């Protein structure tokens, strides 16, 4: 796994490790000083001995270069912070599809919505699902019910108007689809079209 830091920062770390080794430090102490593993320090030492300072230079990361430049990603962050309505959407909710549309419209770069999540994750955004609540929801009334009514229900014994408890014995079923006493209930196909299987429990 590539350690955090720019290529220039990583190169400076390798050069510092070599200086510490040349100053008499051992692999373990140098690794702790530069925040790396001893095996990495040994590999840098071997590269330095084989290629000199050229062996410590930063090399381009393998793979396809990113489609969005750092400047474009910074611009994307600004657009996302303004909110979806500023981009022409009706609701205050960013989706991967919407972000992909914004990227294509502003930068001319096409991304699959699934790949957009990797970009957002790299920019420090998190996935959040909006909580749905009824418009008629009354928080004060809910809190009053919890403090007063729910305590009364909990304290009232079963059989005196309180909340009923679950029975330990399964309730009997009068449906003709149920099996008789002592026999397992069988699933039978319903005669009604489109209802599938019925399990009377």
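Here, each number is a calculation from the coordinates, and none is a lab measurement. Only a predicted model underlies this, so the values are computations on that prediction, with no experimental measurement involved. Positions of Cβ are backbone-derived with ideal geometry, glycine not excepted, and every protein chain shown enters the neighbour counts.
Numerical summary
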{"quantity": "Stokes-Einstein diffusion coefficient of the range 7-56, Kirkwood radius over Cα pairs, 25 °C, 0.890 mPa s, in µm²/s", "calculated": "235"}
{"quantity": "Dimensionless Rg ratio for the range 1-91, taking C-alpha atoms and the 2.2 N^0.38 Å reference", "calculated": "1.65"}
{"quantity": "Projected label distance in nm at residue 112 and residue 42, using a 7 Å step from Cα toward the beta-carbon", "calculated": "4.0"}
{"quantity": "Distance from the range 71-115 to the range 3-68 (C-alpha centre basis), Å", "calculated": "37"}
{"quantity": "Which of 93, 68, 20 has the fewest Cβ neighbours within 10 Å, and the rest in rising order", "calculated": "93, 68, 20"}
